[in-house]
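Enquirer: Before anything else, here's the structure in question.
Rule-based calculations on the coordinates, nothing more; no lab input. Remember, predicted model here, so these are calculated numbers, not experimental data. Cβ placement follows ideal geometry from the backbone for every residue including glycine, while neighbour counts extend to all protein chains displayed.
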Amino acid sequence: RKEVEQDPGPFNVPEGATVAFNCTYSNSASQSFFWYRQDCRKEPKLLMSVYSSGNEDGRFTAQLNRASQYISLLIRDSKLSDSATYLCVVIGGGADGLTFGKGTHLIIQP
Amino acid sequence: DTAVSQTPKYLVTQMGNDKSIKCEQNLGHDTMYWYKQDSKKFLKIMFSYNNKELIINETVPNRFSPKSPDKAHLNLHINSLELGDSAVYFCASSPTSGMYTDTQYFGPGTRLTVL
């Protein structure tokens, strides 16, 4: 089983809809989790950290489920500008210490 | 002001050549990284330096040699370039050290094409 897995998509979602995707990780000792966003031909940028209690930032909500070993990202009222690739990052416990998922490609359609 | 900068932005070169990519951060961070993102968009860490000392060295061919002259700079030298080295190389920095890092700030990337 790969250390960090994401559904590559693409997820085609109409503008205004709610979309959610998950990222699973294999090492139960993993300690820190993040979501990054990467636009086409650009560098990744931090979207939000993922806390054990879950956290919300505007239209974005991140959750951690340690029992099932996955993190999730929920985007409400999606905008065209949300179109991007969303990368999860898992830190600690794995052979690499810091591992990026391959990303989920999201396309918001007008 | 650019927080993490890389030069060059594009690099096209022949197989067998030696090339360097430079990275500088003006954020005062202690830790810097090199990542490789291949054609399948998989972003993989290569090296990490904390205060000029190597702390992460993943399974990378020894043709790749990072050099950190000071904590604001981390350069990547690649010897005997191969076709498979074609990728986008991202430099990044973070304020904390070690594997349990905080937010990473990425440079704009260097698109390397080996012909």
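Enquirer: Answer yes or no as to whether B:L54 is in contact with a Pro (Cβ under 8 Å, 6 or more places away or on another chain) and among the aliphatic types (A, V, I, L, M).
Expert: On the way: in contact with a Pro (Cβ under 8 Å, 6 or more places away or on another chain): yes; among the aliphatic types (A, V, I, L, M): yes.
Criteria met by B:L54.
Enquirer: Quick one: which strands (runs of 3 or more DSSP E) lie wholly within region B:1-87 and hold at least 2 residues that are among the hydrophobic types (A, V, I, L, M, F, W, C)? Even if it seems obvious, please write down each step before you answer.
Expert: Details: elements: B:4-7, B:10-13, B:19-25, B:31-37, B:43-50, B:53-57, B:64-70, B:73-78.
Filter on region B:1-87 gives B:10-13, B:19-25, B:31-37, B:43-50, B:53-57, B:73-78.
Enquirer: Scanning region A:47-101 for residues that are over 10 Å from the mean Cα position of the chain (by Cα), under 23 Å from B:K44 (Cα atoms) and not in a strand (DSSP E or B), which turns out nearest to the other protein chains (Cβ to nearest Cβ)?
Expert: Result: A:G97.
Enquirer: Which is under 18 Å from B:Y33 (Cβ atoms), surrounded by 14 or more Cβ atoms within 10 Å (Cβ to Cβ) and of a type outside the set (S, T, N, Q), of A:V19, A:V50, A:V13, A:V4? Walk me through it before giving the result.
Expert: Numbers: A:V19 fails: under 18 Å from B:Y33 (Cβ atoms); A:V50 fails: under 18 Å from B:Y33 (Cβ atoms); A:V13 fails: under 18 Å from B:Y33 (Cβ atoms).
The unique qualifying residue is A:V4.
Enquirer: Determine if region B:82-103 includes at least one residue that is of a type in the set (F, W, Y) and surrounded by 21 or more Cβ atoms within 10 Å (Cβ to Cβ). It would help to see each step written out before you state the result.
Expert: Taking region B:82-103 first, the residues of a type in the set (F, W, Y) are B:89-90, B:100.
Still in the list and also surrounded by 21 or more Cβ atoms within 10 Å (Cβ to Cβ): B:89-90.
Looking through region B:82-103, at least one residue is of a type in the set (F, W, Y) and surrounded by 21 or more Cβ atoms within 10 Å (Cβ to Cβ).
Enquirer: Taking region A:25-36 on its own, how many of its residues are farther than 17 Å from B:S94 by Cβ and surrounded by 15 or more Cβ atoms within 10 Å (Cβ to Cβ)? Full working, then the answer.
Expert: Looking only at region A:25-36, we keep the residues that are farther than 17 Å from B:S94 by Cβ, and these are A:25-30.
Right, trim to surrounded by 15 or more Cβ atoms within 10 Å (Cβ to Cβ) and you get A:25-27, A:30.
Summing the residues that are farther than 17 Å from B:S94 by Cβ and surrounded by 15 or more Cβ atoms within 10 Å (Cβ to Cβ) in region A:25-36 gives 4.
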